[in-house]
1. Once you have the Cα-Cα distance between Val204 and Arg268, take 0.36 nm times their residue separation minus that, and quote the gain in nm to one decimal.
2. With each label point set 7 Å from Cα along the Cα-Cβ vector, what nm distance links Arg258 and Ala221?
3. Less than 12 Å Cβ to Cβ from Val233, Lys/Arg counted +1 and Asp/Glu -1: what total charge do the surrounding residues give?
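Each reported figure results from applying straightforward, stated rules to the coordinates on display, with no laboratory input. Since the structure is predicted, the reported quantities are computational estimates derived from the model, not experimental observations. Every residue, glycine as well, gets a Cβ built from its backbone with ideal geometry; the counts of neighbours run over all protein chains shown.
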Amino acid sequence: SIADSFRDYVLKLGDSFEADFFHYQPDLNFLDFFSPGKRESFEKELANAFEKYINDRLAAWTVTVEQKMDAAFLQLSRRAAHYGASYTKVTDKITEKLTGQKVKTFSSSSSSEDDAPAWAQWAMGLFSLARGNLAGVAMAGAGFDWKNILLNLITVAGIGGIIAAVTGITLGPIGLALLGLGVGVMQADQARKQLIQATKKELVKYLPQVAQEQWQPIRDAIKECFDNYETEVKERIDDDIKSRQAELDNLLKQKEEREINREEELSRLSKLETDVSGEYEKIESVYQAFLKAVG
């Protein structure tokens, strides 16, 4: 799951930390650490560097998440197209029975979504939205904006907590490590190496806590995302069914009215036939009487 991938990713950050963080190190004068007046600036630059590192690492993770979500969205889009086609075939058959007119058959292989029911078009739009296409704007307007959810996962992951905890914890041990080098032998490369090693040591201690604490929030965020999708699709299907039901009720009413009118017309014609037949018999009787009279 996405939450599991986050946990695994976070736990492995320490494996490549030394190589990764090397590019984020600020150009610090390590002697500033021993100056009370400059120590605050030293700590701030170090915290900023670590913040950028964490942001970039989590951004890299979200790329892998996007790929997985795109695959899931594509599958949902295809299912929506399939079920939308089946749904339309059923409703078209009902319409044909009531109207006696052939309805154009919806093809699931068609590149156009215009013939799909509204709910299926919306459901298929999920993949377009996930890929940033304008076709998904309607979904974004409905409150299902995956891009924002994905970006918010960084906040959910508690970057602030990581930075505060790690920088707060590491500055003490790092300071002791720098003092251990001795001011007289303070060399930049050696000091930087010691800085990375000490930071990694404290980071690795904290990563299991981050992975454990953030697993559930991330899982909940992903679940809520798809729960909202499911709820929205169900509501749209219900609305579509109600709309079609009203439409079919109207067609049925029209058909019944036509049947009633037909029965009334048949009754009228039958009565007319009887009346005409009766009048014809009267005329025939008069005619026969006339023939006898003149004969």
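1. 13.6 nm
2. Going by the 7 Å Cα→Cβ label model, 5.7 nm.
3. -4
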